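Just so it is clear, none of the values below were taken in a lab; they were calculated from the coordinates. Note that the structure is a prediction, hence the values are computed from the model and not measured. Neighbour counts are summed over all protein chains in view; Cβ atoms, including those assigned to glycine, are modelled from backbone coordinates with ideal geometry.
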Amino acid sequence: MALKEGDFVEIEYSIWRGSDNSLVLTTEKKLAEDNKIYDKEFVYKPRLVIIGKDNMIKGVTDALKGMNVGENKKLEITPENAFGNRIQELVRVLPVSDFRKRDMDPYPGMQIEIDGSVATVMSVNSGRVMVDANHPLAGEKITCDLKVLKKLDSTEEKAKSILNQYGLTHEKLQINNKELIITFGSEVKKDGKYFIDKSSAVDTIIANVPDVEKVVIQEEYKKDSKQK
């Protein structure tokens, strides 16, 4: 059955820059290694897409509608349907003193936050720093290899996939009527990242899984050997 808006699907994809045909993003570890773009901080795994919920670029979302599980497509996507056109107003020149006030030493490639957006330092010359808040692929036509691996139908599958996308390892997941109970065991590190990811995952579940009206989180903590 063809995919439609609102469906939960897991996909693999790889994106090539149109201007030089270089691989810039992929969900496949070996392909990243072969093309020398492997990033040890990136988790290479299938990506969850909720079709029509803006968690993927428009060109891919549009292509997914009507595809079937197991189907592959090679897409040519224009900037408007990829990462947008370049906006010149997002390129700014700032005095290097603005960075020094924040105890920062700017260098090309450095990423910083300006007015709530992520910007990249393009150059540093004569006390001036050029920064660009456009997406690195803005203005680029891209090629995308897309494969639909799986369609998620049950409430449990959808909830588990959302947790997985946020890197959360749960010990138990139960569904009681429209209440979802998630247990995180004592072996899960309860640090700041965990609490942020947990909150984001719960928000995503509530907003996108129709059969869940309430999420209950159970957490287990144990003394370690140093506390005994």
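Can you tell me the 0 to 90 degree angle between the C-alpha axis of helix 155-165 and the longest principal axis of the chain, rounded to 10?
The angle comes out at about 40 degrees.
For Leu149 and Val118 in the same chain, what is the full-extension length gain: residue separation times 0.36 nm, less their Cα-Cα distance, in nm?
Result: 8.0 nm gained on full extension.
Once each part is reduced to its C-alpha centroid, what is the distance from the stretch 153-189 to the stretch 1-67 in angstrom?
Going from one Cα centre to the other spans 24 Å.
What ranking of Glu157, Glu179 emerges when the number of other C-beta atoms within 10 Å of each C-beta is taken as an exposure proxy, fewest first?
Glu179, Glu157
What's the exposure ranking of Tyr194, Tyr107, going from fewest to most Cβ atoms within 10 Å?
Tyr107, Tyr194
Does the chain come out rounded, prolate or oblate by the C-alpha gyration tensor, with a ≥ b ≥ c the root eigenvalues, rounded set by a/c under 1.5 and, if not, prolate when a/b is larger than b/c and oblate if not?
oblate
Between beta-carbons, use under 15 Å as the cut-off and find the net charge around Asn21, counting Lys and Arg +1, Asp and Glu -1.
With Lys, Arg at +1 and Asp, Glu at -1, the neighbours total -1.
Using 1/(1 + (r/R0)^6) with R0 = 25 angstrom and r between the beta carbons of Asn176 and Glu5, what's the FRET efficiency to the nearest 0.05?
Rounded to the nearest 0.05, the efficiency is 0.30.
Roughly how many debye, to the nearest 20, is the charge dipole of the stretch 154-228 about its Cα centre, given +1 on each Lys and Arg Cβ, -1 on each Asp and Glu Cβ, and no other charges?
The dipole of the stretch 154-228 has a size of about 380 debye.
Grab the DSSP H runs of the chain that are 4 residues or longer, score each as -39,500 (n - 2.57), total them, divide by all residues and round the 222 nm result to the nearest 500 deg cm²/dmol.
About -5500 deg cm²/dmol.
With the crude spin-label approximation of a point 7 Å out along Cα→Cβ, what separation in nm comes out for Ile196 versus Asp224?
Modelled inter-label distance: 2.1 nm.
For Leu75, Leu137, which order do you get if you count the other beta carbons within 10 Å of each Cβ and list the fewest first?
In order of increasing Cβ crowding within 10 Å: Leu75, Leu137.
State, as an integer percentage, the relative contact order of the chain based on alpha-carbon contacts under 8 Å between residues 6 or more apart.
In percent, rounded to a whole number, it is 21.
Calculate the FRET efficiency for Asp62 and Lys189 from the Cβ-Cβ distance with a Förster distance of 45 Å, rounded to the nearest 0.05.
Step by step, r from the Cβ atoms, then E = 0.70.
Angle check, please: helix 192-208 long axis (alpha carbons) against the longest principal axis of the chain (alpha carbons), in degrees 0 to 90, nearest 10.
70
Between Ser19 and Ser97, how many nm apart are label points set 7 Å from Cα along the C-beta direction?
For the pair Ser19/Ser97, the computed spacing is 3.3 nm.
What does the net charge come to around Met56 if you take all other residues with beta carbon closer than 13 Å to its beta carbon, with K and R at +1 and D and E at -1?
Spelling it out: positives minus negatives among the neighbours equals -2.
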